[in-house]
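These notes concern the structure reproduced below.
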């Protein structure tokens, strides 16, 4: 079905040079940038795509198709790496052999991306198996006034289930979804009612298993003693010391690790990785976390009421991805995962629906070593200083 008519002024990819730059990133990621030159890119207004011809020694060998609106590579319509290699080398009737050679991990062609909008919608526009790691902390369920967006807890869980389901599709084979989550305290509405604490991590675990993920690890993030005293939990007992009133002050959160189901061993990703230089550069140095107890100071921000520290994101990214991998945060907040990904030499995809948080991400992106003007911006524009 053809797309609805969209003004060309809304295209992110506006000219030939921009289309070539995006196509070059694609060729570098599939390690064919040295063997292929470009023909003249053409815009197809009917389908809102750019077609970039690929040539080898003057002969046409394929094309890269780019979505004009999002600037994402349309991998389904673009010529596959194996076909390009066969045509460059003049191989014929190699179908059986090529199927065997495709038994290698995929290298994502997705560029650094920041999308403004509901992640449930943005994930549907994200290419299949284009993400190498997901790390996020979902919005709390009505724990604070600013998060009171759901009519019921069940509605909240169903929303999260849909996000987890979409993430399964975009996550690469055998790769990891790591989530920072903790129980939430629903404050009492009057003195005659009791407050409630909801065991959110255990409900999330059920969702992950039902959507096809394998449970791998439960990491306990421990904050310094006294960090949770502001919740007010435990103060009544501290004053009266009566039995039954005891409530420990929460100073931990879960970092739960899941893996997309596959029959491939983790060692397959290491041995078969198409870029062994990235594998070597990704080796973890001494001083890593030996146990599942991670002691990390919490972070605070006037811009966001519940951020996790950059150090936590850095550890997760370092332990569960390679250099140049793509890390997705579907609830990006003020962009902590993006900041950590850039520091760790990974690419990022950040989705956020709060306009204030998007503006904060824009401000931060100016200081990141990746240039904001080269970021794929969806439903929003780059920060003004770079325009």
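Annotations for the structure displayed:
- Working note: Debye formula, equal point scatterers on the alpha-carbon atoms of the range 236-332, no solvent; log10 I(q)/I(0) at q = 0.17 Å⁻¹ is -1.01.
- Here the Kirkwood formula, the inverse mean of 1/r across different C-alpha pairs, assigns the range 113-386 a hydrodynamic radius of 20.0 Å.
- For the peptides 321-327, 54-60, residues were scored by their other Cβ atoms within 10 Å and the scores averaged per peptide; the highest-first order is 321-327, 54-60.
- Computed over the range 8-101: relative contact order in percent, which uses C-alpha pairs under 8 Å that are six or more apart: 23 percent
- Just checking the listed ones, 91, 51, 236: in the Gaussian network model of the chain with Cα springs under 10 Å, the one fluctuating most is 236.
- Residue with peak Gaussian network fluctuation, the chain [Cα springs, cutoff 10 Å], from 355, 309, 243: 243
- Fully extended contour minus Cα-Cα distance, from residue 91 to residue 343, at 0.36 nm per residue: 86.6 nm
- With a Förster radius of 41 Å applied to the C-beta separation of residue 263 and residue 74, the computed FRET efficiency comes to 0.90.
- Cα-based Rg and Dmax for the range 8-101, where Dmax is the largest Cα-Cα distance (Å): 13.8, 45
- Taking the chain as a Gaussian network of alpha-carbon nodes connected by springs under 10 Å, the highest mean-square fluctuation of the residues 203, 67, 132 belongs to 203.
- Per-peptide packing, taken as the mean over residues of other Cβ atoms within 10 Å, places 29-42, 107-120 in the sequence 107-120, 29-42 from highest down.
- Rounded to 0.05, the FRET efficiency of the residue 237 and residue 154 pair, given R0 = 45 Å and the Cβ-Cβ distance, is 0.90.
- Using C-alpha pairs below 8 Å separated by at least 6 residues, the relative contact order for the chain is 17 percent.
- Cα centroid separation - the range 118-133 against the range 323-351, whole Å: 14 Å
- Helical contribution to [θ] at 222 nm, DSSP H n ≥ 4, -39,500 (n - 2.57), averaged over the chain, rounded to 500: -8500 deg cm²/dmol
- Label point distance in nm, residue 17-residue 169, each placed 7 Å from Cα along Cα→Cβ: 3.7 nm
- Residues 260, 371, 223 arranged by fewest to most Cβ contacts within 10 Å: 371, 223, 260
- The range 277-371: C-alpha gyration tensor shape, a/c 1.5 cut-off, then a/b vs b/c: oblate
Only the coordinates and a few stated rules stand behind these numbers; no lab work does. Keep in mind it's a predicted model, so treat the numbers as computed, not measured. Every residue, glycine among them, receives a Cβ derived from its backbone with ideal geometry; neighbour counts consider all protein chains shown.
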